[in-house]
Each structure stands twice: as structure tokens, then as C-alpha cells.
1. Consider I134 carefully, then state whether it is under 14 Å from the mean Cα position of the chain (by Cα) and not assigned by TED's automatic domain parsing to the domain that holds V218.
2. For the subset of the range 192-202 comprising residues that are touching a residue at least 12 places away in the same chain (Cβ under 8 Å) and not in a loop (DSSP other than H, G, I, E, B), which member is farthest from the chain's Cα centre (by Cα)?
3. Give the number of residues within the range 128-150 that are part of a helix (DSSP H, G or I), free of Cβ contacts under 8 Å to residues at least 24 places away in the same chain and of a type outside the set (A, V, I, L, M, F, W, C).
4. Only one of (1) surrounded by 15 or more Cβ atoms within 10 Å (Cβ to Cβ); (2) over 15 Å from the mean Cα position of the chain (by Cα); (3) at pLDDT below 95 is not met by L168, so which one is it?
5. Please indicate, with yes or no, whether at least one residue in the range 238-260 is surrounded by fewer than 16 Cβ atoms within 10 Å (Cβ to Cβ), in contact with a Leu (Cβ under 9 Å, 6 or more places away or on another chain) and either within 22 Å of S276 (Cβ to Cβ) or not acidic (D, E) (or both).
6. In the list S115, S163, S176, S105, which residue meets the criterion of being surrounded by fewer than 17 Cβ atoms within 10 Å (Cβ to Cβ), assigned to a helix (DSSP H, G or I) and of a type in the set (S, T, N, Q)?
7. Does Y90 satisfy the criteria of being out of contact with any strand residue (DSSP E or B) (no Cβ under 6 Å at 6 or more places or on another chain), modelled with pLDDT of 95 or more and buried (at least 17 other Cβ atoms within 10 Å of the Cβ)?
8. Would you check if I182 is assigned to a helix (DSSP H, G or I), surrounded by 18 or more Cβ atoms within 10 Å (Cβ to Cβ) and out of contact with any Ser or Thr (no Cβ under 7 Å at 6 or more places or on another chain)?
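The values are calculated or read from the model by the stated rules, or taken from the named source; none is laboratory data. Bear in mind that the values here come from a model prediction, so they are computed numbers and not experimental data. We place every Cβ from the backbone using ideal geometry, glycine too, and count neighbours over all the protein chains shown.
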Amino acid sequence: MINICGHLRNERRTSGFLDENSPLLVNCCGMQIFQTQDYFLKRENGRLDYQLIYIYKGSGHFFLDGEWTALSSGNIVLFPPSVPQFYSYYARENPEIYWIHFTGSSCEAILNRYSIQNGNIGENMSIKQLFQDIILELQLKKLHYEDVVVDLFYIILSKIHRSFHAALNPVENDFSIDRLIIELNTKYMDTWTISAMADFCKLSSSHFAHSFKRRMDVSPMQYLNALRIEKAKEFLTANTMSVNTVARLVGYEDPLYFSRVFKNSTGIAPHKFYQSFSSSNTPSWFYETTAHT
């Protein structure tokens with residue numbers, strides 16, 4: 001059996017710690033890998049704090065709602081304070097388990113916010129890594145480690161919620177669209193069509209367009225145009241380039257068409273946008289200096 005953990009305090013109690021002076025506090029975090037030894041835990045009175053268990057590999061056996069239940073890899077189990085805890089792991093099932101104990105005045109509200117409940121989130125490597133990062137922070141206790149630990153735990157909760165949400169909304173789990181969004185944000189100046197985007201995602205044009213709009217709430221071309229206009233604003237406000245140059249930099253070969261799209265989006269022509277920004281951001285001392293030269 002491999003048991004690696006980190007603790008907030010030097011003192012350790014099997015009953016845990018209750019601390020309501022902070023909204024959220026991580027008491028301890030650990031991982032267990034069972035290779036030759038079976039394991040059974042019995043806490044008739046539970047603990048003072050919350051416990052969240054993540055079965056990354058193998059399976060675990062939990063006494064929940066009055067009966068024993070076998071949970072496979074990818075499942076999480078939440079034990080609130082004072083709730084009896086009975087569970088076991090068998091070496092033959094090769095379980096790899098991550099757990100965290102936490103307390104605080106806002107725990108219930110935080111768990112509700114992220115919809116944390118028993119369920120399957122899959123074998124998520126990034127969540128496993130976050131648990132390992134928390135363990136390391138609690139072991140090394142470097143400057144501001146308490147803040148880092150809480151921040152990492154918030155990310156775990158966010159990723160758990162995202163996993164549950166993706167299961168209910170399969171289109172959000174389409175990684176081809178994720179890759180396209182990253183690509184568009186990098187190569188917004190390239191020549192993109194619906195067909196080119198669909199080919200990138202290896203989807204038919206109609207299925208791609210429908211999936212993209214469900215995911216982003218706008219059509220693919222609306223998303224691309226909005227992205228280009230935002231980039232154009234950055235160029236117009238940060239440089240002294242001509243409108244024609246900016247148009248080409250953001251992917252419009254026709255400056256007149258770019259100006260129409262820009263005005264439709266912002267309500268103002270590109271050159272007037274630049275003039276407006278330039279005058280509003282020029283310090284008064286500049287005008288005083290130029291008036292005397």
C-alpha cells in the first residue's frame with residue numbers, strides 16, 4: 001500500500017478539524033494506491049470536516065444510502081461532517097484513490113455553487129495532478145501555501161462541475177471545436193470559411209455549424225468577425241497604422257468591407273474610433289506643450 005499525504009497542521013486527528021473562521025480551509029489531502037493490501041475504514045460518527053474522495057483507477061466499495069455500492073474509476077464520493085463513513089478497497093481491483101478533507105463557514109454554499117455530489121467525472125488527469133499539487137504544497141509549506149492550496153481546490157471543484165455539465169451537454173465535450181477556437185484565436189487573420197472550419201473539425205458543414213452555435217451561442221462567422229474586430233481595436237489604439245493596414249492584419253483584404261463590418265459592430269467607423277480613442281487618452285500636458293511650440 002502506498003499512502004502519501006500532506007497536512008495543514010502538525011497535529012493529526014482521526015475526527016478531523018472544524019474551523020469556521022475562514023470560508024474554506026483544506027485540512028489535509030492524500031493519495032492511496034493499493035497493490036497487495038486490502039483496506040477497510042469504519043468511522044461510525046464520521047468526521048468534523050468534509051471529505052471528498054476521487055477514485056482515479058480501479059474501484060472502491062462504499063456504504064451509501066443503507067447499502068454497499070461498488071464504484072468504478074472516475075467516481076467521486078462526498079461525505080459531509082458527522083455522516084458515518086464505511087468504505088473499502090481491494091488490492092485485486094488496483095485502486096488509485098485521491099482524497100481531501102476541508103472545513104470552513106462557507107463549505108455548504110461553495111459545494112452548492114459547484115453542484116458537488118456523488119457521481120462519475122471520468123479519469124481526469126488534470127484533476128489527479130491538482131490533488132498531487134495540493135499534497136506537495138501541504139508537505140513543503142512554502143510562503144502562502146495555504147492560499148495556493150485553497151486556490152487549487154477551487155480549480156478541482158470547478159473542473160468537477162465542468163465534467164458533470166459536459167456529461168449533460170455532449171456538444172461541450174467536442175474537443176475538435178475546442179481546438180478550432182484555439183486555432184481561430186491564433187490565426188484569425190487567415191482565410192476562414194464555414195467549409196474550412198468544418199474540415200478542421202473533421203465534421204460536415206451543417207453538423208459543424210449547428211454544434212458550434214450550440215456551444216458558443218453565435219455562428220462560426222459571427223464569432224470570427226467579433227474576434228477580428230476586437231483585434232482591430234487593439235491595433236487601432238496601440239499603433240499609428242492606417243485602416244488599410246489594420247484591415248489586412250486582421251484578415252480583411254477589402255478595407256471598405258472591413259470598415260462596414262467594424263461600424264456595424266461598434267457603431268463607429270475605424271478612423272473615427274482611432275481619433276476618439278486618441279483624443280480621450282492624450283494627456284492635457286501634451287496640448288499645453290504643443291500650444292507653445
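1. It is false that I134 is under 14 Å from the mean Cα position of the chain (by Cα) and not assigned by TED's automatic domain parsing to the domain that holds V218.
2. So the residue we want is I194.
3. 4
4. The one condition L168 does not meet is (1).
5. Scanning the range 238-260 turns up at least one residue that is surrounded by fewer than 16 Cβ atoms within 10 Å (Cβ to Cβ), in contact with a Leu (Cβ under 9 Å, 6 or more places away or on another chain) and either within 22 Å of S276 (Cβ to Cβ) or not acidic (D, E) (or both).
6. After applying the criteria, what remains is S176.
7. yes
8. no
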